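The values are calculated or read from the model by the stated rules, or taken from the named source; none is laboratory data. All of these numbers come straight from a predicted model, not from anything done at the bench. Please note: Cβ atoms are built from the backbone with ideal geometry, for glycine as well, and neighbour counts cover all protein chains shown. Areas reflect the complete protein model, heavy atoms only, side chains present, ligands, DNA and RNA absent. Shrake-Rupley method; radii C 1.70, N 1.55, O 1.52, S 1.80 Å.
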Amino acid sequence: MHNRLKVRTTEAQKAAADREKEKKLQLYRNTINDVFERRSRNEYDVLALKSSEGLLRSNPDIVTIWNYRKEILLHLKPSEEIINDELYLTEKCLQVNPKSYSAWYHRNWLLDNVDPSPDWNKELQLCTKYLKIDERNFHCWDYRQIVASKCQEPNENELKFTMEMIEANFSNYSAWHYRSKLFSAAGKDEESTKISELSLVESAAFTDPSDQSAWIYQRWLIGKLEPSKFIYKVSQIKNEIYLILNRKLPNNYKIIGLGETNWEQFDSKIWYKTVDNVGSTKIQIIDEVNQVIDNLSIDNVQQNIFNLNISEQLRLVLNGQLDSLRQLLDMEPESKWALLTYVLLLYTLKPNNYFKNCLENIKLLKELDTKRKNYYHDLESRYQIEHWIANNNNNNMDSVNLKGYGLTAFYHMHMFLFNKNIDLSDNDLSHSNLNHLKYLIMCEQLSLKNCKLTNLDNFPALNNLEVLDLRENKIQEISYKELTKCKSLKKIILDKKQIALDKITQCINQSTNIEIM
């Protein structure tokens with residue numbers, strides 16, 4: 001029996017492993033307790049730094065320890081050697097966990113706040129090294145964005161780097177995302193840039209239609225296309241002129257007209273000004289060089305408000321991509337990313353029968369991609385409301401009728417600022433925020449009949465609202481107290497199946513009439 005290896009039983013092996021685990025756990029507890037005790041004694045020296053190194057190398061995500069090290073470093077006014085040791089520690093920690101928020105943040109903090117002469121170019125090389133190891137490490141991509149800004153790396157070089165990473169793997173979402181950040185930061189909205197990027201992304205998307213990365217970038221590019229018009233409508237309410245916009249004004253744009261006083265902001269897309277006398281003056285949007293971008297006279301409505309401002313050359317490129325998508329969908333009719341992009345392009349270009357085709361394909365998307373059906377419901381709601389506005393925006397109409405459109409979300413409610421009678425009945429608004437109705441400041445009659453509402457949370461103070469139809473909903477009694485904010489409310493229309501009248505009456509103004517139908 002001599003010179004033979006003794007083989008432990010399974011039970012013995014487990015017991016030995018448990019003892020080793022307990023030993024390591026006890027050492028971990030002792031070390032972390034020691035660090036916390038040092039911190040409680042306000043020890044800010046090199047020994048205190050050394051005491052936590054082992055902990056962080058085994059677990060780089062103990063935020064409290066990193067915070068203690070920051071305190072020590074700020075007290076020490078460390079030498080170059082200590083700073084280099086700290087940088088080395090973060091690098092070792094990132095080798096343990098390359099996606100450690102704490103380690104990446106500490107490295108950035110160290111260079112920003114402690115190192116008197118940080119080498120940001122070296123950091124850029126470090127990022128390249130880590131992204132070669134793990135191309136989808138979004139923590140490193142985020143850090144690279146900071147570093148590139150610090151060392152003033154030309155955008156062209158970073159775009160070239162993202163292109164190299166994308167060519168290595170079309171599925172690198174982080175590289176696509178960083179590319180979009182670079183274009184946004186540089187303000188690259190030139191026509192040639194859009195065309196070249198669309199061509200690039202089309203090649204990537206069609207290489208692997210099941211990969212969503214390139215499709216997402218393509219949809220981002222399409223989303224960057226802006227409507228040609230800023231102003232939707234200008235109208236007067238008492239002694240105030242209201243300007244309704246289709247999109248937010250850039251910070252360097254201005255509104256001029258009706259005197260020298262400044263326009264005030266009701267909301268990001270609603271501006272107003274108090275005036276004594278109103279002439280036929282046009283309201284103008286001017287850019288940073290005082291060029292008129294858009295204008296409209298009072299009591300007028302802008303037509304084709306949702307049409308995009310694209311040149312014939314860009315339109316040809318987008319039409320080419322639309323044709324390519326049709327061909328791809330003929331071969332792969334269940335490619336959901338291609339189908340969604342096809343819908344967005346249809347709505348962007350608005351060819352014949354585009355609206356009908358959009359709705360049909362959104363219906364198909366709901367069947368193919370059930371996990372995102374709520375997104376498709378909301379997209380359909382937006383398209384329905386925009387289509388109604390585009391086809392019903394004459395000057396003298398007081399009423400809005402969106403009854404039974406299958407709406408699940410409120411879009412463009414600010415465009416109904418002047419309408420007095422609004423019908424949103426027979427829709428599914430149960431998950432929408434009723435606060436979006438705050439724009440209906442001139443509304444006198446509002447129908448939310450059969451909208452699957454269970455409460456009136458966040459119902460806004462509509463001071464001109466007189467009649468509210470809430471039939472065929474299952475609203476909690478206590479929720480009716482929200483309506484007390486509507487000071488002119490005279491009538492609430494309910495049906496016999498709804499809750500007890502005495503409980504509702506307790507929640508609302510006694511002068512409000514409850515009509516049962």
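Conditions (1) more than 17 Å from Trp337 (Cβ to Cβ); (2) among the basic types (Lys, Arg); (3) open to solvent by less than 20 Å² (accessible area, probe 1.4 Å); (4) modelled with pLDDT of 85 or more, marked per residue:
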residue: Glu158; (1), (2), (3), (4): yes, no, yes, yes
residue: His177; (1), (2), (3), (4): no, no, no, yes
residue: Lys194; (1), (2), (3), (4): yes, yes, no, no
residue: Pro209; (1), (2), (3), (4): no, no, yes, no
residue: Tyr217; (1), (2), (3), (4): no, no, yes, yes
residue: Lys224; (1), (2), (3), (4): yes, yes, no, no
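Test Phe170 against the criterion of being free of Cβ contacts under 8 Å to residues at least 60 places away in the same chain, of a type in the set (Phe, Trp, Tyr) and open to solvent by 20 Å² or more (accessible area, probe 1.4 Å), and give yes or no.
Values: free of Cβ contacts under 8 Å to residues at least 60 places away in the same chain: yes; of a type in the set (Phe, Trp, Tyr): yes; open to solvent by 20 Å² or more (accessible area, probe 1.4 Å): yes.
So Phe170 fits the description; yes.
Quickly run through the stretch 192-225 and pick out the residues that are in contact with a Leu (Cβ under 7 Å, 6 or more places away or on another chain) and under 30 Å from Val292 (Cβ atoms).
Lys194, Ile195, Glu197, Leu198, Leu221, Ile222, Leu225
Does Ser149 meet the test of being within 21 Å of Thr128 (Cβ to Cβ) and either out of contact with any His (no Cβ under 7 Å at 6 or more places or on another chain) or of a type outside the set (Phe, Trp, Tyr) (or both)?
Yes; evaluated as a whole, the condition is true for this residue.
For the stretch 125-156, which positions are open to solvent by 20 Å² or more (accessible area, probe 1.4 Å), free of Cβ contacts under 8 Å to residues at least 24 places away in the same chain and within 28 Å of Val96 (Cβ to Cβ)?
Across the stretch 125-156, the qualifying residues are Gln125, Lys129, Lys132, Ser149.
Give the residues of the stretch 307-320 that are crowded, with 16+ Cβ neighbours inside 10 Å and either at pLDDT below 85 or closer than 24 Å to Gly257 by Cβ (or both), sorted by residue number.
Hits for the stretch 307-320 are Leu308, Ile310.
From the list Ser203, Ser199, Ser228, Ser213, which residue is free of Cβ contacts under 8 Å to residues at least 60 places away in the same chain and open to solvent by 40 Å² or more (accessible area, probe 1.4 Å)?
Among Ser203, Ser199, Ser228, Ser213, only Ser203 is free of Cβ contacts under 8 Å to residues at least 60 places away in the same chain and open to solvent by 40 Å² or more (accessible area, probe 1.4 Å).
What single numbered condition from (1) more than 27 Å from the chain's Cα centre (by Cα); (2) assigned to a loop (DSSP other than H, G, I, E, B); (3) over 24 Å from Trp66 (Cα atoms) fails to hold for Thr128?
So Thr128 meets the others, but not (2).
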